[in-house]
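The structure appears below as structure tokens.
Just so it is clear, none of the values below were taken in a lab; they were calculated from the coordinates. Predicted model, so just to flag it, every value in this text is computed and none were measured. A quick note on method: Cβ atoms are made from the backbone with ideal geometry, for glycine too, and the neighbour counts reach across all protein chains shown.
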Amino acid sequence: MALLDWITPESSLNLDGPGVRLRAPRWRDYEAWSDLRRQSRDFLQPWEPVWPEDDLERRAFRRRLAAYSREMDAGSAYPFLIVRQSDNALVGGVTLSNVRRGVAQMGTLGYWIGQPYAGQGYMTAALRPLLAFAFGGIGLHRVEAACLPENIASHRLLLKSGFSEEGLARAYLKINGNWRDHLLFGMVSASASGEIDI
């Protein structure tokens, strides 16, 4: 998928969940995306890597779209924005990244929600079609996720979505400028385990 495809509205992959639609980011999303990220900065920063100085500027968003395009072309990541179906309001984002094929057939889940929309069930609704896409749409065997031990909302979200807590990884990711321990979660395809129905 070329960068131009990310700019035109006709070309995106859409996934629908209860009250939400997941779709590929496009250039026309810049204003809503930057406004929501700016408004939610203090809320998000404790759980994310340090934001680059120009993270919310147009040129950084253009670079982000180009990186997304390369990753989609390679089949290594699938980034989505989450919009509320009732009014197309941008509420957050979710990405299936680090997709590995061969003997692994797995990917890593990452997500964020804007502060005004936190705790309202939008991310739970978004993970349902995303996981169906991961296992059914692109045929992965396993999806992994991680969160900081003190991020109770993420911990609950992952358990509610069918992930199993698998352990603690020391100094796993550099979050807000520091290497932080993370709780690790995993989910395997229902066809492989006979236990999970997404």
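Rg over Rh for the chain works out to 0.94, both radii taken from alpha-carbon positions and Rh defined as the Kirkwood radius. With each label modelled as a point 7 angstrom along the Cα→C-beta vector, the residue 104-residue 57 pair spans 3.3 nm.
For residue 140, the amide hydrogen comes within under 5 Å of the amide hydrogens of 135, counting only partners 5 or more places away or on other chains and with H modelled in the peptide plane. The length gained on full extension between residue 85 and residue 39, counted as 0.36 nm times the residue separation minus their Cα-Cα distance, comes to 14.4 nm.
Per-residue ellipticity at 222 nm, computed for the chain from helices alone with -39500 (n - 2.57) per DSSP H run of at least four residues, works out to -8500 deg cm²/dmol.
Express in nm, to one decimal, how much length is gained between residue 181 and residue 74 on full extension, taking 0.36 nm for each residue of separation and deducting their alpha carbon distance. Gain on stretching residue 181 to residue 74: 35.5 nm. In order along segment 110-125, the Karplus-derived 3J(HN,Hα) couplings, from 6.51 cos²θ - 1.76 cosθ + 1.60 at θ = phi - 60°, round to x, 7, 8, 10, x, 3, x, 10, 5, x, 10, x, 5, 6, 4, 5 Hz, and Gly and Pro are given as x. The label point for residue 174 and the one for residue 118, both projected 7 Å from the Cα toward the Cβ, are 2.5 nm apart. Peptides 135-146, 164-175 ordered by packing proxy, namely the average of other Cβ atoms within 10 Å per residue, highest first: 135-146, 164-175.
Relative contact order of the chain, taken over Cα pairs closer than 8 Å and 6 or more residues apart, is 19 percent.
Using 0.36 nm per residue and subtracting the Cα-Cα separation, the extra length available between residue 97 and residue 132 on full extension is 11.1 nm.
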